[in-house]
Structures are given as C-alpha cells and as structure tokens.
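Each remark here refers to the structure printed beneath this line.
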Amino acid sequence: MLSRTADSLYWLGRYMERAGNTARALQVALREAGMGGGRPAQGQGQGWRPLLLTSGDIGLLQGFGAAPDAAQIIQHLVMDRANNSSIQSCIEASRQNARQVRTALTVDMWESVNDTWGQMRRMENAMPNADDLPGFLDWVKRQTILFNGAYDDTMLRDEAWRFVRLGTMLERADNTARVLHAHAAALSIMGPGTAEDYLNWQAILRSFTALRAYQWVYHGRIEPRRIAELLILRGELPRSMIACHARIEGMLDEIATAHGGRRGECHRRAGEIHARLRFGRVEDIFTEGLEVFLNEMMARNIDLGGQIADFYLNN
Amino acid sequence: MAEPIKAFDEMGEPQAARAAYAEIARWLAATPIAQLERKRQEAELLFRRIGVTFAVYGEGGDPERLIPFDIIPRILAWQEWEHLSRGLTQRVRALNMFLADVYGPGEILKAGRIPEALILQNEAYRPEMRGITPPGGIYVHIAGIDVVRTDAAQFHVLEDNCRTPSGVSYMLEGREAMLRLFPGLCAAHRIAPVSHYPSDLLETLMSVAPPACRGLPRVVLLTPGAFNSAYYEHCFLADEMGVEVVEGQDLFVEDRVVYMRTTAGPQRVDVIYRRIDDDYLDPAVFRADSMLGVRGLMEAYRAGNVALANAPGGGIADDKAVYPYVPEMVRFYLGEEPILANVPTYLCERPDDCAYVLEHLHELVVKLTKGSGGYGMLVGPHSTAEQRADFAARIRANPADYIAQPTLALSTVPTFTGSGPAPRHVDLRPFVLSGAETRIVPGGLTRVALREGSLVVNSSQGGGTKDTWVLASDAPC
C-alpha cells in the first residue's frame with residue numbers, strides 16, 4: 001500500500017477517535033458544572049482546568065487569563081479551527097483524509113464520515129446554545145461510535161483496516177493516559193476522600209463510560225487506586241491503556257506479517273510499552289508516582305507515533 | 001447569425017435510414033419523447049452516482065460538473081470501422097517512427113520532407129529526448145486521434161493527441177450506462193465490446209517495461225492529483241488495471257532507479273503511465289518549480305531503468321503546425337499512401353497561406369498552434385465581424401501561432417434534445433494503444449456539440465458524449 005494512503009487511513013482513525021474523546025471530556029465537565037454547589041472552585045473556571053490539560057492546551061489557559069470563561073473554553077474545544085483537537089477541526093480533518101483515500105473505504109464508512117461532516121458544516125460555525133450542547137456532544141459521540149462500527153463491520157481485514165484501527169487505538173491509548181494525567185492529583189489521594197473527591201472519581205470513570213464497569217469488576221466503593229488499575233492495567237475494559245496497546249501491538253504485528261516479517265523500531269517500542277503494562281502492578285505505579293508513570297507513558301505514545309510514521313507513513 | 005451548415009447525417013432520413021441505423025430509427029420512431037426524457041434523467045443520475053466528473057479549467061463554478069451524456073448511440077458499420085482502424089494503425093505507426101527519427105538520426109529532415117526549423121525550433125521539441133531510445137522504439141503508447149466524417153465514405157483526421165489524451169473513461173462508462181438503460185436495444189444489435197480496454201492498456205504498458213526490469217513489471221499511474229480535471233479517469237483506469245495511482249510525492253529516485261513509498265518499504269517502479277505534462281515531470285530537467293513531478297526521473301529514464309508512457313517530447317508529433325506533414329510521414333516511413341486524409345491546413349507563417357487566411361476568415365476555422373480544448377479558436381461562419389477583425393489583428397501580429405482550416409461540415413447524428421431527437425455535429429476519438437503490438441478497441445469516444453448548429457465538440461465548450469457502437473459483422477471482435 002502507498003505510504004500516503006496508509007497515512008490518510010491512520011489519521012482518519014485518529015481524528016474520528018479524537019472528536020469522540022473531546023466530546024466525552026466535555027460531557028463530563030458539563031455534568032460537573034451542572035452539579036453546582038459541591039464544587040466551589042467551578043465558578044472561576046477552575047473546574048475546566050483538567051479539560052484543558054487533557055487537550056494539551058495549557059498555553060490557552062494562560063492566554064485566557066487567570067479565570068478563563070467557561071464559554072470561551074467550550075468554544076475552543078468545539079468550534080475553534082485554530083485548535084487542531086476541537087471537534088470541528090477533527091471532523092474536518094477526518095473527512096479530508098477520507099476523501100484522499102475514498103476508494104480504500106467502504107461505502108458505509110465513507111457515509112458515516114461524510115454525513116457527520118455535512119451536518120457539522122450545516123451548523124456554519126455557530127455554537128450550539130447551552131441547552132443544546134449536551135445533545136450535540138451526544139451526537140458527536142454517537143457519530144464516532146457509528147464510524148467505528150461501520151469500519152469494523154464492513155472493511156476487509158486487510159492493510160487498510162489495520163491502519164485505521166492502528167490510528168484509533170493509538171489515539172485512544174493516548175487519550176486515556178492524558179485524562180488520567182489531568183486527574184493525577186485526585187487519583188493520588190490516600191484514604192476515603194471527601195464527598196467532592198468522590199464526585200471527581202465518578203466523573204473520571206464516566207468519561208470512559210466505565211462507571212458501571214467499575215462496579216462489575218470491583219463490587220465496591222470507588223477507590224482511586226482501583227480506578228487507576230482499571231484504566232491502566234485491566235484488559236477487559238476496552239478503553240484501558242493495556243487494551244489499546246495490546247491492539248496496537250497486534251495491528252503492527254499483522255502488518256509486519258503481511259509484509260513477510262519486515263519490522264522496525266516501532267514494533268519493538270510498541271511491544272515494550274505493552275509488556276510494561278502486562279507485567280506492571282498498580283502498587284509499583286503508585287510507588288513510582290502516578291504522575292511520573294503517566295508522563296512517561298505519554299512521552300512513549302508520542303514517540304511510538306513518530307516511529308510508526310517513520311517506518312510506514314512517510315518513509 | 002449562424003448559417004446552417006449542410007452536413008451528412010449518419011442516420012439519414014428517418015424513412016430511409018442507412019442500414020447500420022435501421023434499428024435505431026425504428027426505436028426512435030416507436031419511443032415517446034417523454035420516455036426518452038425519463039431515460040435521459042436516469043442516465044444523468046447514473047453518472048452522478050458513479051461520480052464521473054470533469055472539471056473545466058477557468059470556468060470556476062461546479063468542480064464536480066458532469067459532461068452531458070446523450071442517450072442515442074452513434075453507430076459505425078464493421079466495414080467503416082475496419083477502414084478507420086487500418087488508417088489509425090498506419091498513422092500512429094508513422095507518428096512513432098517520426099518521433100524516433102527526429103530524436104535520433106533526423107532522416108526526414110535531412111531528406112527535406114519537413115522543414116528542419118519547424119521541428120528543431122518548435123517549443124514542443126524536447127532536446128532532452130535526443131539520444132534516448134524508449135523500449136521498442138515506442139513514444140506514443142496511448143494516442144487519441146480525433147476523426148471527423150464529412151460524408152458516407154470520407155473520414156478526416158482533425159488532430160493527433162500524442163501527449164496525455166483523456167476521455168477513455170467516458171467511452172467505458174458510456175457503454176455500461178447504455179447496457180443498463182437500454183438492454184433491449186443493445187441486445188438487438190451485435191455491438192463490438194470495449195470493456196477490455198483496461199486490460200489491453202495494462203498489457204501494452206507491461207510490454208514496454210525497460211530491459212532492466214526483472215519479473216512482472218510494476219506499473220503505476222502518475223496523476224497531478226485530486227484537483228486535476230481528469231482525476232476521476234485516473235482513479236478509474238488505475239482501479240480497472242489494479243495498479244496504484246501515485247502522485248509525485250509518492251515516488252523518489254535513488255541511484256537512477258524509481259521507487260514508490262509504500263508501507264512495505266520502497267518498491268521499485270518499472271513503468272509509469274503518466275498523466276501529467278512533460279513540463280512537470282522532473283523539476284531537475286523541465287520546470288524547476290514543479291511540485292507535481294519526481295526529481296531525477298529523467299535520469300532514471302535515460303538510464304533505461306523506467307519506462308514513461310507516453311514518452312516525453314511526443315508533443316512535436318501532434319503540434320498543429322506539424323500536423324499538415326503527417327501524410328508525408330506516412331509516405332516517408334512506410335512507403336504507403338495515407339488511408340485517412342488530413343484536413344487541408346493553412347499555416348499562417350507561410351506568407352501565401354496567411355494572405356489567403358486573412359481574406360477568407362469568414363469561411364475558415366482558425367486555431368492557435370499551441371491551443372487545445374477548443375480554447376482560442378475562431379469558427380469563421382459563426383463569427384461576428386468584430387471577432388474576425390480581432391483575429392485578423394492577432395494573426396498579423398503572430399502568424400506562426402495560427403493555422404486555419406476550411407470549416408468542415410462535420411457529420412451529424414440524432415441527439416436527444418428537450419423536444420425530441422435532432423441532428424447534432426459529432427467527432428470521434430478512438431484510442432490507439434502501441435506496445436509490443438497495436439490495439440484499438442472498436443469505437444472510441446464520440447463527442448457531440450449539443451448546441452444546435454455548433455461545431456465545437458469539446459467538453460470544455462458545452463460538448464457532450466455518446467456511446468459509439470461498432471456493429472460486429474461475422475468478423476471476430
């Protein structure tokens with residue numbers, strides 16, 4: 001397959017996933033904001049801080065001054081073309097990549113991307129009003145799930161499929177690490193925590209649609225270490241870091257096998273990350289420090305993305 | 001005001017249709033206009049859905065414009081086609097020999113059969129090609145020869161397209177559309193198939209792989225990209241052949257070998273069916289600002305490590321000022337009389353011709369020697385005094401830039417208009433493939449001037465297309 005084609009497929013996967021992740025993060029933040037009184041820091045925009053950290057945009061926080069306006073932040077995450085990770089930018093980029101490789105996509109896949117883009121375009125840069133925002137975010141999330149289903153259901157299991165999947169999984173792994181990192185302080189609290197902490201922990205789980213999953217796995221009160229364990233080390237949760245990295249390694253393996261075993265540094269590094277998670281223990285992570293661990297994982301993800309690009313996408 | 005031009009109608013009078021059109025005449029007489037209109041809409045929907053589009057340069061507007069497709073087929077009897085196909089084969093052989101000659105020994109120039117200056121000082125002549133012998137001596141692997149008809153027996157070649165002729169996807173999609181829209185009508189004829197064109201093309205391209213190529217040659221189609229007007233055709237042909245559509249950025253040259261960047265690492269490329277112009281092929285040799293080409297490509301070509309189809313420099317063979325000499329090429333290289341006639345052509349750079357042209361502008365068609373696509377031309381009988389004065393001034397200023405030809409009464413074929421079938425002027429572009437052997441799928445692209453009385457069939461000037469049926473006789477097709 002042409003590297004340029006693989007590149008477009010990979011970024012199609014990444015950007016669709018990113019659109020969904022941004023929507024999820026906003027949904028949770030809105031919910032928290034709506035809970036009001038329990039969280040004193042909110043009115044001043046402090047409640048939005050983790051959200052910005054998640055989208056990697058600390059510079060923006062400074063640009064907005066000491067107390068960024070909630071509406072400004074939401075606009076930045078939903079409709080800001082200058083922000084590569086805003087929902088609008090992600091959908092634009094997905095569609096552009098899909099168009100580049102139109103013939104490599106199935107009709108269902110193309111339609112899910114193109115319809116999403118078309119509906120987004122009809123909004124003409126206008127922000128949904130506050131009451132419509134939750135519905136809009138739900139729609140974005142549903143569209144990304146539809147896209148994931150469309151390609152999982154209809155694509156031939158060939159190289160094209162593997163590169164889309166690789167993009168989805170690396171983006172998802174990275175997002176999980178970033179969200180956890182943004183909440184590292186809340187997750188490092190020892191002891192039972194306050195009612196507010198509890199709300200916070202619930203919010204973290206909710207952004208991964210993992211609140212129920214937590215109950216099924218642990219059958220008990222929410223504890224920060226278990227949250228970390230679930231989202232980092234438990235393979236049965238599809239958005240956990242280990243689940244994503246298992247698939248990344250698997251995809252890279254399959255691609256290598258299809259090319260007669262041709263491997264590069266990206267294969268070694270993907271295996272290394274996966275091994276680290278497979279044999280890791282949550283106690284050790286906390287001994288080392290959760291934030292330190294997550295920082296390292298984020299750096300490794302960026303590095304892995306670069307290695308994949310070097311070996312397959314722009315060689 | 002356009003004077004109606006008396007033209008040969010290929011169907012003939014409805015009551016006395018020519019034999020090849022007998023069935024079509026019956027069908028047209030029996031089918032209500034409303035039903036034809038429904039079919040026309042269906043055809044448009046079909047083309048829209050497949051996405052067969054053609055962007056027109058300089059028009060702005062809808063970049064995903066459809067070329068109108070006319071639902072009434074154009075028909076050629078087998079004998080007519082045989083005659084044409086022999087003439088086309090002869091002509092393309094001569095054109096290839098001419099190119100090998102002018103980039104090699106230059107015999108035809110030494111013999112004084114074509115003025116040397118006309119060739120060597122022509123912008124279309126590429127000195128970079130001197131001393132390069134493409135595999136098999138073939139320069140023009142894909143030729144689109146524009147043919148017009150003026151009466152039952154007379155075909156003329158209007159133009160040779162030896163660079164990157166397009167339109168073959170319309171020929172193929174047009175046939176598919178007809179088979180879906182009118183299965184009964186198709187079945188009532190024995191239509192020679194065209195759908196094997198992509199495999200013929202692939203075999204042609206593989207047959208000219210350079211000697212350095214080991215094993216099955218890897219063929220790619222080089223496109224300028226998604227914004228090119230013929231991008232649809234590029235993807236369509238590549239898909240049908242099962243080869244990659246690449247852009248310049250997907251290829252690179254190392255040690256005079258061309259590679260494409262793939263997920264399996266660099267893959268050697270043997271044959272490039274390029275759909276970008278010479279000027280943009282290689283910034284190291286031609287236009288330095290080209291972003292579309294591949295640096296070092298010409299060196300790889302010169303080293304015999306890659307084949308280019310068509311070969312660079314073919315433009316000298318289809319130059320409008322060289323065109324009048326093609327019959328001479330046939331005589332010189334093949335020792336045969338041309339089977340297909342040229343249209344008489346006046347070269348304005350010859351003083352006598354120029355004087356004649358200026359006096360007869362109202363009855364001539366004037367063309368830019370460098371123009372294509374129907375841009376920058378004057379159709380005398382349809383022109384205003386003002387337009388003629390404008391052209392006269394331009395010709396006087398740069399005579400060498402202009403040629404003129406008598407206004408031919410191009411044949412007409414019934415074409416569906418809102419108010420029923422009516423005669424419209426047509427031409428024909430058959431596609432001639434030259435490799436280890438010469439192949440032409442029966443027929444080609446019929447272009448039709450949809451405006452009443454118009455003689456300009458170019459899609460950029462409001463032309464449409466028709467399916468072209470060559471009726472198979474007992475002869476195998």
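At R0 = 45 Å, how high is the FRET efficiency between B:Glu176 and A:Met123 if r is their beta carbon distance? Nearest 0.05 is fine.
So, using R0 = 45 Å, E works out to roughly 0.70.
Hey, got a sec? Which GluC sites (Glu not before Pro) in the stretch B:68-163 land in a DSSP loop and have at most 10 other Cβ atoms within 10 Å?
Answer by residue number: B:Glu123.
How well do other chains shield peptide B:244-254, expressed as the mean number of their Cβ atoms within 10 Å of each residue Cβ?
Details: counts 4, 3, 3, 2, 0, 4, 4, 1, 1, 0, 0.
Shielding by partners across B:244-254 averages 2.
So, R0 is 56 Å and r is the distance between the beta-carbons of B:Ala436 and A:Asp132; what FRET efficiency does that work out to, to 0.05?
Computed FRET efficiency for B:Ala436 and A:Asp132: 0.25.
Leaving ligands, DNA and RNA out of it, report the carbon-plus-sulfur percent of the accessible area of the protein assembly as shown at a 1.4 Å probe.
Values: 16790 of 33280 Å².
Here carbon and sulfur together make up 50 percent of the probe-accessible area.
Can you tell me the FRET efficiency between B:Gln387 and B:Gln79 if r is taken as the Cβ-Cβ distance and R0 is 56 Å, rounded to the nearest 0.05?
Computed FRET efficiency for B:Gln387 and B:Gln79 comes out at 0.85.
Would you please put B:242-250, A:16-24, B:388-396, B:206-214 in order of how densely packed they are, using the mean number of other Cβ atoms within 10 angstrom per residue and starting with the highest?
Per-residue Cβ counts within 10 Å, averaged per peptide and sorted highest first, yield A:16-24, B:242-250, B:206-214, B:388-396.
How would you rank A:118-131, A:169-182, B:31-44, A:261-274, highest first, on the average number of other Cβ atoms within 10 Å across their residues?
So the peptides A:118-131, A:169-182, B:31-44, A:261-274, ranked by packing, come out A:169-182, A:261-274, B:31-44, A:118-131.
Tell me which DSSP H helices of chain A clear both cut-offs, 15 Å or more of axial length from alpha-carbon atoms and a mean Kyte-Doolittle hydropathy of at least 0.0.
Helices meeting the span and hydropathy rule in chain A are A:241-258, A:290-308.
Within 10 Å of each Cβ in peptide B:263-274, how many partner chain Cβ atoms are there on average? Round it to a whole number, please.
For this peptide, the per-residue mean of nearby foreign Cβ atoms is 3.
Return the calculated 222 nm mean residue ellipticity for chain A, to the nearest 500 deg cm²/dmol, obtained by summing -39500 (n - 2.57) across DSSP H runs with n ≥ 4 and dividing by the residue count.
Value at 222 nm, helices only, nearest 500: -23000 deg cm²/dmol.
Setting aside same-chain residues fewer than 8 positions from B:Lys320, which lysines have a Cα under 27 Å from its Cα?
B:Lys6, B:Lys110, B:Lys367, B:Lys370, B:Lys466
Skip the ligands, DNA and RNA, and give the accessible area per residue of the protein assembly as shown with a 1.4 Å probe, whole Å².
Each residue of the protein assembly as shown exposes 42 Å² on average to a 1.4 Å probe.
Ballpark to the nearest 100 Å², how much total accessible area do B and A bury together, probe 1.4 Å?
The B and A chains share an interface burying roughly 1200 Å².
For chain B, what ratio Rg/Rh do Cα atoms give with a Kirkwood hydrodynamic radius?
Rg/Rh: 0.96.
Using helices alone, I'd like the mean residue ellipticity at 222 nm for chain B: each DSSP H run of four-plus residues gives -39500 (n - 2.57), total over residue count, nearest 500.
Roughly -8500 deg cm²/dmol at 222 nm, from the helical runs in chain B.
I need to check one value: relative contact order of chain B, counting alpha carbon pairs closer than 8 Å and at least 6 residues apart, in percent.
Numbers: 926 pairs, mean separation 115.0, N = 477.
In percent, rounded to a whole number, it is 24.
The values are calculated or read from the model by the stated rules, or taken from the named source; none is laboratory data. Not measured: the values here are computed from a predicted model. Note that each Cβ is placed from the backbone with ideal geometry, even for glycine, and that neighbours are counted across all protein chains shown. When the accessible area is computed, the model is the full protein with side chains, heavy atoms only, and any ligands, DNA or RNA have been set aside. Shrake-Rupley method; radii C 1.70, N 1.55, O 1.52, S 1.80 Å.
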